[in-house]
Amino acid sequence: MIPLFERYPLLRERLPYVALGEFPTPIEKLERLGDELGMGSLYLKNDGMSARIYGGNKIRKLEFLLGHARTARATEVLTFGYAGSNHALATAICAEQLGVRTIAMLLPQPNARYVRRNLLMAHRCGSELHAQPNIPALSAATLFQLCRHRAATGRVPEVIAAGGSSARGTVGYVNAGLELERHVAAGELAEPDAIYVAAGSMGTAVGLMIGLRVAGLGTRVVPVRVTDVRFVNARRMVKLFRNTTTLLHSLDPSFPALELSDTDVHIREEFFGDGYAAFTESGVEAMARIRATEALSLEGTYTGKALAALIHDVRTGELQDETVVFWNTYNGRDFSSRIQGIDYHELPRPFHRYFEEPVQALDGGA
Ligand SMILES: *Cc1c(COP(=O)(O)O)cnc(C)c1O
């Protein structure tokens, strides 16, 4: 049973959930990278392995989001992201397994190789893809699609927040915090001093903060901002923290009504670079380092930037003698065989440019 339900049996009765992944995900010591950096206690919590076909951090959120959609007997879900969205893809893959169709409203982003892969895979999973030039256009088009689908199916599609970071999706990472405590209790690592994690829509970081507090661990979460400051800031983080604990407390009064104040929030801003999905020198260097030492593949939009923050803090001596966890949020499964031979011309026209234009220079440029 998942640790959240073991600890709070009422939540098990009241909170819809569908198992989609393979948990617990591995925890391992990064001996070689740790040696190179002069760190004795560096660990990887590898949510890249969270599911068989496509892992990453969205699976934990979708277990609760699609659990709810299934209880509501939804036949379609609608969600949001950028063109290469890992969230929109994970939703398409998991929803398809439940016989639910995904409609994805997608904003433009800098080009990268993973954008091409993700678009082809989402298409293969039957996702209906809509390219939108900006947020106002996306909002209008979303209303239109909700009406159009209601007219066609008799039901409004279930809306899933961008990045899956509603209170309900964030619960997936409350459970992940409790999962980490099981590793500590089993002696797999000492109680960590810090966890470094990318923050895009904040559900991962906020859920972990709640889960660790409930578990009684004093571990600090270090969120590394990788999207616009409109989406990741202390005020929004406090709000998501409150909404998530309120949801859990309302379903099970024994779940503590925890509080977070803005002064407890320390978001790292210096690794963002020029914008969302614009790879950075430090991010790409961090990716090369963990690939060379640990054979782990990251990407430049989220995890490269988060690892760059960790490496920076090692260099400045901030993590001296600490037990530190790098929480990998990026898919670690190779799905290339599943998209082999798919012609990108099958995608809606506005997505063709990701296949026809070069990728950004720091992603190899081809
Ligand atoms: C979505 C995503 C994140 C960001 O997680 P949030 O919960 O949205 O902050 C981090 N890494 C990867 C690889 C992602 O796809």
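Once you compute Rg and the Kirkwood Rh from C-alpha atoms, what is the Rg to Rh ratio for the range 209-366? Walk me through the intermediate numbers first.
Details: Rg = 19.4 Å, Rh = 18.6 Å.
My calculation puts Rg/Rh at 1.04.
Hey, what do the phi angles of the range 268-276 turn into as Karplus ³J(HN,Hα) couplings, whole Hz, using 6.51/-1.76/1.60 and θ = phi - 60°, x for Gly and Pro?
After applying 6.51 cos²θ - 1.76 cosθ + 1.60, I find 8, 9, 7, 10, 6, x, 7, x, 4 Hz.
How far apart, in nanometres, would the label points at S336 and R150 be if each is projected 7 angstrom from Cα along the Cα-to-Cβ direction?
The modelled label-to-label distance comes out at 4.5 nm.
Find how many whole Å separate the alpha carbon centroid of the range 178-199 from the alpha carbon centroid of the range 282-331.
So the separation of the two Cα centres works out to 17 Å.
For the range 62-168, what does the relative contact order come out to in percent, with C-alpha contacts under 8 Å and a separation of six or more?
Working: 158 pairs, mean separation 36.9, N = 107.
In percent, rounded to a whole number, it is 34.
Quick one: divide the alpha-carbon radius of gyration of the range 168-252 by 2.2 N^0.38 Å and tell me what you get. Show your work: numbers first, answer last.
On the way: Rg = 12.9 Å, N = 85, 2.2 N^0.38 = 11.9 Å.
Normalised Rg, Cα atoms only: 1.08.
What ³J(HN,Hα) values, in whole Hz, does the Karplus curve 6.51 cos²θ - 1.76 cosθ + 1.60 give for the range 20-31 when θ = phi - 60°, with x put for Gly and Pro?
3J(HN,Hα) across the range 20-31, in whole Hz: 10, x, 10, 10, x, 6, x, 10, 9, 7, 8, 4.
Please tell me the relative contact order of the chain in percent, rounded to the nearest whole number, where contacts are Cα pairs under 8 Å and at least six residues apart.
Numbers: 717 pairs, mean separation 80.6, N = 366.
Over the chain, the number comes to 22 percent.
Farthest toward the dipole's positive end in the range 76-148, which of A122, L138, F80, given Cβ charges of +1 (Lys, Arg) and -1 (Asp, Glu) about the Cα centre?
The listed residue farthest towards the positive side: A122.
Taking every DSSP beta bridge that has both residues in the chain, what percent is antiparallel when rounded to the nearest 5?
Details: 3 of 31 bridges.
So the antiparallel bridges amount to about 10 percent of the total.
Would the range 284-358 count as rounded, prolate or oblate if I go by the C-alpha gyration tensor, calling it rounded below 1.5 in a/c and otherwise prolate when a/b exceeds b/c, oblate otherwise?
Details: a/c = 3.52, a/b = 2.48, b/c = 1.42.
Prolate, because a/c is 1.5 or more and a/b exceeds b/c.
Counting only residues 5 or more places away or on other chains, whose amide H sits under 5 Å from the amide H of N111 once H atoms are built in the peptide plane?
Residues meeting the criterion, in which the H sits 1.01 Å from N, are Q360.
So which lysines can K58 reach, going by Cα to Cα under 21 Å and dropping same-chain residues fewer than 8 places off?
Result set, ordered by chain and number: K45, K239, K305.
Using the count of nearby Cβ atoms within 10 Å as a rough guide to exposure, how do F355, F80, F271 rank from fewest to most? Mind showing how you got there, number by number?
Numbers: F355 15, F80 25, F271 22.
Taking fewest neighbouring Cβ atoms as first place, the list is F355, F271, F80.
Go through the range 159-266 and name the GluC sites (Glu not before Pro) that are in a DSSP coil and have 16 or fewer other Cβ atoms within 10 Å of their Cβ.
Working: sites: E179, E181, E188, E259; in loops: E188, E259.
Sparse-neighbourhood loop GluC sites (Glu not before Pro): E188, E259.
For the range 15-67, what's the radius of gyration and Dmax over Cα atoms, in angstrom?
14.6, 44
When L20, L119, L319 are ordered from fewest to most other Cβ atoms inside 10 Å of their Cβ, what list results? Could you put the intermediate results ahead of the total?
Numbers: L20 26, L119 29, L319 23.
Listed from fewest to most nearby Cβ atoms, that is L319, L20, L119.
What is the set of long-range amide H partners of V197 at a cut-off below 5 Å, with H atoms built 1.01 Å from backbone N?
Distant-sequence amide H within range of V197: V222, V224.
Go from 0 up to the bin containing the longest alpha carbon distance in the range 109-205, width 5 Å each, and give me the % of pairs per bin.
Distribution as computed: 2, 9, 11, 15, 18, 15, 10, 8, 5, 4, 1, 0 percent.
Going by how many other Cβ atoms sit within 10 Å of their own, how do K58, K45, K29, K305 line up, fewest first? Before the final figure, lay out the partial values.
On the way: K58 34, K45 24, K29 14, K305 29.
Fewest-to-most Cβ neighbours within 10 Å comes out as K29, K45, K305, K58.
Classify the range 1-128 from the C-alpha gyration tensor, please: rounded if a/c falls under 1.5, else prolate or oblate depending on whether a/b exceeds b/c.
Values: a/c = 2.73, a/b = 1.18, b/c = 2.32.
Since a/c reaches 1.5 but b/c is at least a/b, the shape of the range 1-128 is classed as oblate.
What does the highest-first list of 335-348, 284-297 look like by mean Cβ count within 10 Å? If you can, show how the numbers build up before the last one.
On the way: 335-348: 12.1, 284-297: 17.0.
My ranking of the peptides, most packed first, is 284-297, 335-348.
Please give the contour-minus-distance gain from R182 to E31: 0.36 nm per residue of separation, less the Cα-Cα distance, rounded to one decimal in nm. Each step should come with its number before you reach the end.
Details: separation 151, 0.36 × 151 = 54.36 nm, distance 2.15 nm.
That pair, R182 and E31, stretches by 52.2 nm at full extension.
How would you order 156-164, 201-209 from highest to lowest mean count of nearby Cβ atoms within 10 Å?
Details: 156-164: 21.7, 201-209: 28.1.
So the peptides 156-164, 201-209, ranked by packing, come out 201-209, 156-164.
What translational diffusion coefficient, to the nearest whole µm²/s, does the chain have by Stokes-Einstein, given a Kirkwood radius computed over alpha-carbon pairs, a temperature of 10 °C and 1.306 mPa s viscosity?
Numbers: Rh = 20.8 Å.
Taking Rh from Cα pairs, D becomes 76 µm²/s.
Around R101, which amide H atoms from residues at least 5 apart in sequence, or from another chain, sit under 5 Å from its own amide H, with H modelled in the peptide plane?
E76, V77
None of the figures in this text is laboratory data; all of them are computed from the coordinates on show. Keep in mind that what you see is a predicted model, and the values were worked out from it rather than measured. Heads up, the Cβs are rebuilt from the backbone with ideal geometry, glycines too, and the neighbour counts pull from every protein chain shown.
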